[in-house]
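These notes concern the structure reproduced below.
The values are calculated or read from the model by the stated rules, or taken from the named source; none is laboratory data. Worth saying up front: this structure is predicted, and the values here are computed from it rather than measured. Using ideal geometry, Cβ is built from the backbone for each residue, glycine included, and neighbour counts are taken over all protein chains shown. Quick note on the areas: whole protein, heavy atoms, side chains included, nothing else; ligands and nucleic acids left out. Shrake-Rupley method; radii C 1.70, N 1.55, O 1.52, S 1.80 Å.
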Amino acid sequence: MADANADLCLEVEPKACAIVVGPLFLPSVLGGEAGAPMWALRSIVEEGIGVMVEGGPGSAFVSDSERDKFRRLHQNAYELDPFFALRKVGDSLKKHGRYGEWLERAFSCKKPVGMTPCLQRLLELQRNGALLVYSHCDDALDRAAALQPILPEDSTAVEGWVSGDRPGFLHLTGVYSQPDSVHLGLDRYENASNPSAQAIRKHFSSRVGVFLGFESEREEPLQSRLLELLASGQGFCRHNILLGSQRQEGSLLPSCPLPLPLP
């Protein structure tokens, strides 16, 4: 009888797959969730609202009633349409010159990071031909691996990433340290002329998509919609594999690289 606590290892040919890493992978690099960048859309929007209603230099409001109105309006908007609220908060922050501050507070890693066996094995898979993709806009994995983020808009870097000459993670949603690169909404993937959409169609359509660090049972709008998009016909056109975030550390092996927890 199979051990219910065992991992079912799935053999994947590195040159035939693209490994999309979600933010729930980060605890394996950070040694826990404390100090990790925000990943839940509600928390990200709330942080932006908090930056907007703060006083001091750059404050958009002169009275507490205005601050309360802004907070209530955008909190209510989130309940109706999370992505609309995200866009409106972002637009307000840009208008008042506090967009970069919001990204820094939401997505910077609050603790030291370093190489781990799990991350080393991902990079080994990349050296053997796998493509590594990151679905969030923090840079914790890049700093842990001592690598630079790769952005879809940088065609030279993307070419090196595809050929294997430029190791690292392709950041589909940008990276917070370069505010102009950040696109938390998904409209960019639906625009055929957008670099992210082009990268998905050009480099992913012939590969198996392996999703690592996502939780299918969590209703998280941002990651769920990105996952749905990439796993649909707009992204990988072949079989896709969804792996949870649990028991990842130390369990990736180059020959049988990807652990699939048994139900």
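Listing for the model above:
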quantity	calculated
Any pair with Cβ under 9 angstrom, 6 or more apart, that starts in the stretch 115-127 at a residue that is over 18 Å from Glu13 (Cα atoms) and touching a residue at least 60 places away in the same chain (Cβ under 8 Å) and ends at one that is open to solvent by 60 Å² or more (accessible area, probe 1.4 Å) and in a loop (DSSP other than H, G, I, E, B)	Thr116/Gly31; Thr116/Glu249; Pro117/Glu249
Criterion violated by Val12 - all others in (1) surrounded by 14 or more Cβ atoms within 10 Å (Cβ to Cβ); (2) modelled with pLDDT of 85 or more; (3) not aromatic (Phe, Trp, Tyr) satisfied	(2)
Scan of the stretch 106-127 for residues that are surrounded by fewer than 16 Cβ atoms within 10 Å (Cβ to Cβ), over 15 Å from Asp139 (Cα atoms) and of a type in the set (D, E, K, R), ordered by number	Glu124, Arg127
Criterion: hydrophobic (A, V, I, L, M, F, W, C), at pLDDT 90 or above and crowded, with 17+ Cβ neighbours inside 10 Å - qualifying residue of Leu24, Leu41, Leu103	Leu103
Enumeration of residues in the stretch 137-161 that are in a loop (DSSP other than H, G, I, E, B), open to solvent by less than 10 Å² (accessible area, probe 1.4 Å) and either among the acidic types (Asp, Glu) or out of contact with any strand residue (DSSP E or B) (no Cβ under 8 Å at 6 or more places or on another chain) (or both)	Asp138
Flag for Phe204 being modelled with pLDDT of 70 or more, of a type in the set (Phe, Trp, Tyr), open to solvent by less than 30 Å² (accessible area, probe 1.4 Å) and within 13 Å of Ser135 (Cα to Cα)	no
Counted residues, the stretch 162-180 - those being open to solvent by 10 Å² or more (accessible area, probe 1.4 Å) and under 21 Å from Leu227 (Cβ atoms)	1
Residue ID - nearest to the chain's Cα centre (by Cα), chosen from residues in the stretch 74-108 that are farther than 15 Å from Glu47 by Cα and part of a loop (DSSP other than H, G, I, E, B)	Asp81
